[in-house]
Structures are given as structure tokens and as C-alpha cells.
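Step one of this worksheet: look at the structure below.
The values are calculated or read from the model by the stated rules, or taken from the named source; none is laboratory data. This structure is a prediction, so every number in the text was calculated from the model and none was measured. FYI the Cβ positions are ideal-geometry reconstructions off the backbone, even for glycines, and counts take in every protein chain you see.
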């Protein structure tokens, strides 16, 4: 079995890191560490080095979701010839959710831990970029601009597309998913009008942190 590059958020369940390593032969561990968890990261590093497993600690700054997606996207590019697995079980609730989502949208293997058993999570075989037409990307780029666009009507004027066409790209139909169903745009209704904005995933995708 090929040895893995294990990526793991540092949180309140670091025992799950060692359970995962027993199941998957490990070449190297990369710990994604919020600033407040450096003591736990250094302890894990010392424990792993007893087993001659090299450890890299990578600091996460700012928004947990954005930082997690950025780190995992960058590591996928850096370690592109390696067999990567993300241990999602080591973090707290927020970092576990962020690591799982980042693994899925980047098409990386992920695992969790139940009791003393490690288990693989399913890998989603899809690419956002294959589903995003030029028109949908144009809409997302417009929505990313400050002050644009709070309504379908405003978006229609900016894109010079008809309202039905804008609605199709946002809401989709039976044959094609829209940006809303893909989780890239959020809509709310206010005084009979549909307001819209990019979701967090949509913003992360435009920043290049989604590589599937």
C-alpha cells in the first residue's frame, strides 16, 4: 500500500490522528492549525516524530472556512503526485466541517473515525468547472463586484440577458442545475423581489480555492 500524505485540522480530537495512521501507512503529516491550537499541534508533532513520521505545521489565519479551503487547495497543487488523504476527525466542529467540504469539492480522499475504527468517506466525482458555463461564470463575477447585484432585475440589466434567462442560470430547470442548486448563489425574497448574493462556496471558487 502506498504511503499517504495525511492532512489534518488541529482540534479537540487529536487521538483520531493516530487511529488513522494505524489504518493508513503514512509518509508525512501536515497539520492545519488555528493560532489557538499550536500547543496541541506541537504535542502531536513530538508524538509522531517518535515514530519517525515527519510533521509540518501550517498556520491557519482569519476565516476558518476560507483558510481551510485555501490551504487544502494549495496543498493539492504542491503534493499533486502524492496520495493525499484528509483526516477530518481531528478538528473541532467548525474545522471538521470545513475540512470535509474542502476535501469533497477538491476531489480528495477523506476519512473519519468512529470509536477506534477509521473509515473512508465517499469521494464526490464531479467538477464545478465542467458544470459552469461562461454565462454562469459571468454572473458569478458580477455578483462578486461590490454593490452588485441585489435583484434579478438589476442582474438582468448588467448582463444584458432577459429575466427568464437570468432565472434559468440562477434556478436551473429539470435538465440543468442552476447556481442556486449548486450552492454557489443564495437567494432571499424581500417585498416580492428576489435578492441574491454569492454563497461562501461561490466566493471560494472565484478565489481559486476549489480545484475539482
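Having 1 or more residues that are in contact (Cβ under 8 Å) with a residue 24 or more places away in the chain, more than 26 Å from residue 72 (Cα to Cα) and out of contact with any strand residue (DSSP E or B) (no Cβ under 7 Å at 6 or more places or on another chain) is the bar; report the strands (runs of 3 or more DSSP E) wholly within region 113-212 that clear it.
193-198
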Inset, instruction - Only residues that are closer than 21 Å to residue 26 by Cβ and either in contact (Cβ under 8 Å) with a residue 60 or more places away in the chain or surrounded by 14 or more Cβ atoms within 10 Å (Cβ to Cβ) (or both): list them for region 37-55, please. - result: 37, 40, 41, 42, 44, 45, 47, 48, 53, 55
Inset, instruction - Just need a number here: residues in region 57-73 that are touching a strand residue (DSSP E or B) at 6+ places or on another chain (Cβ under 9 Å), surrounded by fewer than 19 Cβ atoms within 10 Å (Cβ to Cβ) and within 19 Å of residue 108 (Cα to Cα). - result: 1
Inset, instruction - Answer yes or no as to whether residue 81 is within 22 Å of residue 211 (Cβ to Cβ), at pLDDT 90 or above and exposed (fewer than 13 other Cβ atoms within 10 Å of the Cβ). - result: no
Legend entry - Answer from 109, 160, 136 - the residue that is over 30 Å from residue 44 (Cβ atoms) and either in contact with a helix residue (DSSP H, G or I) (Cβ under 9 Å, 6 or more places away or on another chain) or surrounded by 19 or more Cβ atoms within 10 Å (Cβ to Cβ) (or both): 136
